[in-house]
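The values are calculated or read from the model by the stated rules, or taken from the named source; none is laboratory data. These numbers were taken from a predicted model, which means no experiment stands behind them. Glycine gets a Cβ as well: all are built from the backbone with ideal geometry, and neighbour counts include every protein chain shown. Keep in mind that these areas ignore ligands, DNA and RNA; they rest on the heavy atoms of the full protein, side chains included. Shrake-Rupley method; radii C 1.70, N 1.55, O 1.52, S 1.80 Å.
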Amino acid sequence: MPLLLSGADRTGRRLELQPGEVAPVPVTGRVAASFVSAGQTRHYALDPNRAYTFIERRGRLDLAAVPLAAGPDAPAGPFGEGRVLPPPEPLVVPVKLLVDDDEPTVRAVWEPRLRNRLAEASRIFEQHCAIRLKVVAVDTWHSDNRIHDFAESLDEFERQVDPAPARLAIGFTSQYRLPRRRVPLGGTRGPLHRWILIREWSQHVTASERLEVLVHELGHFFGAAHSAGADSVMRPELGDRQSHALAFRIGFDPMNTLAMNLLAAELRRGPFRGYEHVRPETWAALHQVYSTLAESLPDDPAAPRYIEFLERHRPQE
């Protein structure tokens, strides 16, 4: 679907979108959008910090804003019409990869496997929010075989591993214990938390599902919460064999794509000093995104936790 975006200064950008594809567009304010459907050109005005989706009405496509839950009002933006900006240069995030002492293969096997997986994940993030993941260190850590609870394993990983010289440490644990119930395949504590732990041992998880788990947890690191979208990588439970289909594309839903781009824009401004230092309009937009995701999944705790986190870190006056 060709979509033409244009700003007040006649800057423009043409997008070729495939079904299910999500594309971020940086703008400085309201811009115009147009596309052809059923032989007619459709025109729209699009606001910044919003997510839009194509829907079919009476045999033709329409472009509609994703409804937002009630939230704090964002400060007024600049007056006048907006400009369409070129895609930003990728934001490079340094990563340390680690395996524990239960990894059954030698380094010459596991290191290329994990590097390749992270490279695939990086391509997905570069497409959705212009973030590139770069391996700057590889290491191992000792995991206690007596610990089987995932939360305790994450605690242990945080105590034992220093992410330096990276911003983020990703650990792959190969401890095996036959589960009697569904267990987490990975976890972290929230946005920009410097540790992610992933279970690598399960014999029932395929390569495509392992990639989904990694992208899901990295999504949490970059500000994504759980989504009700059945084909979103941020759906609450993975390992559902959905990614086995040849046509399946690992990707993010529009609302979480917006959340990650909002956070990425703050990271590009310079050293990140905490959510209390983000721009008020970013804080308000994130609050609305998480409120919307919380309403769509009322029994899921992820988005409400993100809202609580934001409330504890209101921007300074």
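List pairs: first in the range 286-297 and at positive phi and at pLDDT 95 or above, second assigned to a helix (DSSP H, G or I) and crowded, with 22+ Cβ neighbours inside 10 Å, Cβ under 8 Å, 6+ apart or cross-chain? Correct list of pairs: empty, since none qualify.
Candidates are the residues of the range 158-179 that are open to solvent by less than 40 Å² (accessible area, probe 1.4 Å) and assigned to a loop (DSSP other than H, G, I, E, B); the one that is modelled with the lowest pLDDT is Gln175. Once the range 180-229 is narrowed to residues that are modelled with pLDDT under 90 and within 18 Å of Leu297 (Cβ to Cβ), the residue that is most open to solvent (accessible area, probe 1.4 Å) is Arg182.
Can you tell me which residue in the range 78-135 is most open to solvent (accessible area, probe 1.4 Å), limited to those that are among the polar types (S, T, N, Q) and more than 30 Å from His148 (Cβ to Cβ)? In this case the residue turns out to be Gln127.
Could you name every one of the strands (runs of 3 or more DSSP E) located completely within the range 1-55 that has at least 1 residues being closer than 26 Å to Arg249 by Cα?
Fully inside the range 1-55 and qualifying: 2-6, 12-16, 31-37.
Would you call Arg312 more than 20 Å from Leu91 (Cβ to Cβ), open to solvent by 50 Å² or more (accessible area, probe 1.4 Å) and not small (Gly, Ala, Ser)? Yes; evaluated as a whole, the condition is true for this residue. For the range 136-157, a residue qualifies if it is in contact (Cβ under 8 Å) with a residue 40 or more places away in the chain, exposed (fewer than 14 other Cβ atoms within 10 Å of the Cβ) and not acidic (Asp, Glu), and the qualifying residues are His142, Asn145. Take the range 248-290 and flag every residue that is acidic (Asp, Glu) and within 14 Å of Cys129 (Cα to Cα). Within the range 248-290, Asp253, Glu266 qualify.
One residue stands out among those in the range 255-295 that are over 15 Å from the mean Cα position of the chain (by Cα) and acidic (Asp, Glu): the one that is surrounded by the fewest Cβ atoms within 10 Å (Cβ to Cβ), which is Glu276. Scanning the range 1-57 for residues that are among the small types (Gly, Ala, Ser), surrounded by fewer than 15 Cβ atoms within 10 Å (Cβ to Cβ) and at pLDDT 90 or above turns up Ser34, Ala45.
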